[in-house]
1. Just to be sure I understand the model, the point goes 7 Å from the Cα along the line to the Cβ. What's the resulting Y131 to T112 distance in nm?
2. What translational D, rounded to a whole number of µm²/s, comes out for region 99-167 from Stokes-Einstein when the hydrodynamic radius is the Kirkwood one over Cα pairs, at 4 °C and 1.567 mPa s?
3. So for each of 134-142, 207-215, 152-160 I average, over its residues, the number of other beta carbons within 10 Å; can you give me the resulting order with the highest mean first?
4. In whole percent, how big is the carbon plus sulfur part of the accessible area of region 99-172, probe 1.4 Å, protein atoms only?
5. When all alpha-carbon pairs of region 158-213 are counted, what percent fall beyond 19 Å?
6. Could you state the accessible area per residue of region 36-112 in Å², with a 1.4 Å probe and every protein chain left in place?
7. How many percent of all Cα-Cα pairs in region 105-232 sit more than 26 Å apart?
Amino acid sequence: MTKRKMFTKVISVLSAGILVAMVLVLTPFQPQTNALSKESDSNPFSDVKPNNSHYNAILSLYADGIITGVSNTEYKPNSIITRGEAAQFIVNALGMDTSKVTNPGFSDVPTTHKNYEAIAALYGKGVIGGYTNGNFGPSDSLTRSQIATMLTRAFGLEEATTTKTKFSDVNKLTDSNAKKYIQTLVNYNITVGTTPTTFSPNMKLTRGQLATFLLKAMEVDSDDDFELINVE
């Protein structure tokens with residue numbers, strides 16, 4: 001065999017070996033690529049990234065048809081939730097029948113309002129109320145303290161028997177009911193606060209925060225073996 005033919009044969013063998021090695025190295029990563037692709041396909045929101053603290057809650061509730069975005073491609077997790085939206089998401093989470101609701105008579109919530117049925121349903125169950133001027137304010141914001149009241153009532157949580165919480169800013173409130181409802185969420189591990197010692201009761205509730213609150217409340221509601229832990 002000439003040196004030229006021998007050299008060509010060696011090159012061919014080496015090329016085949018390299019090709020096999022590349023196949024063996026690249027093949028194990030294919031399932032991971034597919035998994036990432038599927039995760040991307042299940043998240044329609046360009047503004048909800050995996051590093052967002054509400055990421056899992058938002059995608060889980062969206063997949064179940066409980067919450068919706070502000071558009072087909074945006075959820076706006078940091079935007080303030082409205083009273084009407086919150087009512088709708090809570091009703092969706094509870095799977096409430098809104099086909100036969102009684103009109104609560106709010107002057108700013110006509111029967112044509114997109115959240116009319118949800119607002120009427122929660123009002124009929126004593127979960128929400130309106131303003132003294134006869135309005136409900138469906139486009140108004142909610143505070144974190146107000147959502148504590150709504151979730152406690154909506155999910156039928158056992159109300160805390162103490163108004164002393166672990167949150168220094170809550171203990172300063174003069175509204176004993178607000179303290180009680182916030183403590184109720186603590187008891188059920190639905191909230192850990194904005195810091196270990198603050199709840200920020202007067203902070204406006206965001207769409208991302210509501211998703212997390214709702215998911216945790218639903219998990220409590222579906223856990224038959226749940227044991228109440230009384231936390232001071």
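The values are calculated or read from the model by the stated rules, or taken from the named source; none is laboratory data. Just so we're clear, the structure is a prediction, and the values are computed from it rather than from any experiment. All Cβ positions, glycine included, derive from the backbone under ideal geometry; neighbour counts span all protein chains shown. Keep in mind that these areas ignore ligands, DNA and RNA; they rest on the heavy atoms of the full protein, side chains included. Shrake-Rupley method; radii C 1.70, N 1.55, O 1.52, S 1.80 Å.
1. A separation of 2.2 nm, rounded to one decimal place.
2. Working: Rh = 13.5 Å.
The Stokes-Einstein estimate is 96 µm²/s.
3. Numbers: 134-142: 16.3, 207-215: 23.3, 152-160: 18.1.
Descending mean neighbour count gives 207-215, 152-160, 134-142.
4. Details: 1730 of 3820 Å².
Looking at region 99-172 in its full context, I get 45 percent from C and S.
5. Numbers: 318 of 1540 pairs.
Counting pairs separated by more than 19 Å, the tail of P(r) holds 21 percent.
6. Numbers: 4320 Å² over 77 residues.
That works out to 56 Å² for each residue.
7. On the way: 1927 of 8128 pairs.
That tail contains 24 percent of the Cα-Cα pairs.
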